[in-house]
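Visitor: Can you keep this structure in mind? I'll have questions shortly.
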Amino acid sequence: MKSIASAPGKVILFGEHFVVYGVKAILGSIDKRVTVTSSTSPEESITIKSTLGNLTIPISEPYEDNSPLKPFAFIAKKMIREFDKKSGLEITIKSDLLPGIGLGSSSACCVAAAASISNLFTKLSKEEVRKLATDAEKTIFKNTSGADCTVCTYGGIIEYDKKSGFKQLTTNSDFSLVIANSMTPHSTDVVANKVKEFREENPQVFSSLCNDESKLIAKVNSSLSKNNLNQLGQIMSENQNYLEKIGVANDKLRSMIRIAKETSFGAKITGAGGGGCIIALVDKSNSEQTISNLKSNNIECFSVKIDSKGLIQELIEE
Ligand code: MEV
């Protein structure tokens, strides 16, 4: 039996970092995917093959190592334990997304792996897959808000609230996003810890920024449904000001945002910041110009659309 599952990467359109402290965030899944293929094997081991490296671990011993492949080992071991199976597993990960650039590679991996591996043992609902994926992601990023795994599971554009969950937003907008890569990988955990320190040292400033961010997010839904890209772009640029204040920008990201803003509706960091990517909001009228401006400044960039499918899974009898 072979189990294949794929999940989309994501962008945070509005509200990264603040979402960890209870502010709503708006996220979109993108048309770049991670695919995980799993099958049982006669060996009493779990073998994981991916561009991040390969790993083979015995099924009987605990896995404590701090490898980026830890979430896969977590899911595989949990399934083997719960279903009291003695057979081993072979897990292969293929990705359209580079890791560590804020496009949800890690969350998409966790979601696709949770679905692909669990399907060999049982049938989980989408919500159960999301929860399993979030627990797996916590093995490498303890304080995740859970937003990324949610959008990678359900797809489309979502409004996410750490306490009360998420709702899917509908839009008639035909926008796309230009993603520009600073080519500096980041660790979400490291950047999120810096924000935590900033909050501890500046509690009032942070609390007032959370209020401002909440007010901003409240405007997004109506701009999206009215297809008002100018307004959405302005909200993006305003959101960037708040990200500046909590210290997750740097000169490279600032310069990319400045160039992208010349032709797009608005631009900001997406994801943790400190490196990684920025997004610029565009449509047919300004997409090519934005890409060509960034490229002529030697900035690597590409355009993505919002994915509406979310998690896709299939079981193949061999
Ligand atoms: C990372 O993609 C987004 C953060 O807001 C962390 C989180 O929500 O878990 C920085």
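Visitor: Which of the numbered conditions does residue 92 fail, given that it passes all the others? Conditions: (1) away from the ligand (no atom under 16 Å from the Cβ); (2) within 30 Å of residue 249 (Cβ to Cβ); (3) modelled with pLDDT of 95 or more.
Guide: (2)
Visitor: Looking at the range 64-101, which of its residues are assigned to a strand (DSSP E or B) and open to solvent by 30 Å² or more (accessible area, probe 1.4 Å)?
Guide: Of all residues in the range 64-101, those assigned to a strand (DSSP E or B) come to 88-95.
If the condition is that a residue be assigned to a strand (DSSP E or B) and open to solvent by 30 Å² or more (accessible area, probe 1.4 Å), then 90, 92, 94, 95 are the ones that fit.
Visitor: Out of everything in the range 183-218 that is part of a helix (DSSP H, G or I), within 16 Å of the ligand (Cβ to nearest atom) and open to solvent by 70 Å² or more (accessible area, probe 1.4 Å), what residue ends up being farthest from residue 101 (Cα to Cα)? Explain how you work it out, then say what you get.
Guide: Of all residues in the range 183-218, those part of a helix (DSSP H, G or I) come to 188-201, 203-218.
Applying the additional criterion that residues be within 16 Å of the ligand (Cβ to nearest atom) yields 188-199, 206, 209-210, 213-214, 216-217.
From what's left, open to solvent by 70 Å² or more (accessible area, probe 1.4 Å): 190, 194, 196-197, 199.
Details: 190: 13, 194: 17, 196: 20, 197: 22, 199: 24 Å.
Selected residue: 199.
Visitor: Then there is this: Restricting attention to the range 219-234, which residues are open to solvent by 10 Å² or more (accessible area, probe 1.4 Å) and either of a type outside the set (D, E, K, R) or in contact with a strand residue (DSSP E or B) (Cβ under 7 Å, 6 or more places away or on another chain) (or both)?
Guide: The answer is 221, 222, 225, 227, 228, 229, 230, 231, 234.
Visitor: I need the full set of residues from the range 7-40 which are of a type in the set (Val, Ile, Thr) and assigned to a strand (DSSP E or B), in order please.
Guide: 11, 12, 26, 30, 34, 35, 36, 37, 40
Visitor: What is the number of the single condition among (1) among the hydroxyl-bearing types (Ser, Thr, Tyr); (2) free of Cβ contacts under 8 Å to residues at least 24 places away in the same chain; (3) within 13 Å of the ligand (Cβ to nearest atom) that residue 223 does not meet?
Guide: Of the numbered conditions (1) among the hydroxyl-bearing types (Ser, Thr, Tyr); (2) free of Cβ contacts under 8 Å to residues at least 24 places away in the same chain; (3) within 13 Å of the ligand (Cβ to nearest atom), the odd one out for residue 223 is (3).
Here is a yes/no grid of residues against (1) under 20 Å from residue 144 (Cα atoms); (2) out of contact with any Ser or Thr (no Cβ under 8 Å at 6 or more places or on another chain):
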{"residue": "8", "(1), (2)": "yes, no"}
{"residue": "15", "(1), (2)": "yes, yes"}
{"residue": "38", "(1), (2)": "no, no"}
{"residue": "49", "(1), (2)": "no, no"}
{"residue": "55", "(1), (2)": "no, no"}
{"residue": "79", "(1), (2)": "no, no"}
{"residue": "89", "(1), (2)": "no, no"}
{"residue": "92", "(1), (2)": "no, no"}
{"residue": "95", "(1), (2)": "no, no"}
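Okay, residues lined up against (1) more than 16 Å from the ligand (Cβ to nearest atom); (2) in contact with a His (Cβ under 9 Å, 6 or more places away or on another chain); (3) open to solvent by less than 90 Å² (accessible area, probe 1.4 Å); (4) closer than 30 Å to residue 12 by Cα:
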{"site": "41", "(1), (2), (3), (4)": "yes, no, yes, no"}
{"site": "44", "(1), (2), (3), (4)": "yes, no, no, no"}
{"site": "62", "(1), (2), (3), (4)": "yes, no, no, no"}
{"site": "115", "(1), (2), (3), (4)": "yes, no, yes, yes"}
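Visitor: Have a look at 166, 141, 121 and point out the one that is surrounded by fewer than 24 Cβ atoms within 10 Å (Cβ to Cβ), within 16 Å of the ligand (Cβ to nearest atom), assigned to a loop (DSSP other than H, G, I, E, B) and of a type in the set (Phe, Trp, Tyr).
Guide: 141 is the lone residue from the list that is surrounded by fewer than 24 Cβ atoms within 10 Å (Cβ to Cβ), within 16 Å of the ligand (Cβ to nearest atom), assigned to a loop (DSSP other than H, G, I, E, B) and of a type in the set (Phe, Trp, Tyr).
The values are calculated or read from the model by the stated rules, or taken from the named source; none is laboratory data. Values in this document were obtained by computation on a predicted structure and should not be read as measured data. Note that each Cβ is placed from the backbone with ideal geometry, even for glycine, and that neighbours are counted across all protein chains shown. We work out accessible area using only protein heavy atoms, side chains counted, and drop any ligands, DNA or RNA first. Shrake-Rupley method; radii C 1.70, N 1.55, O 1.52, S 1.80 Å.
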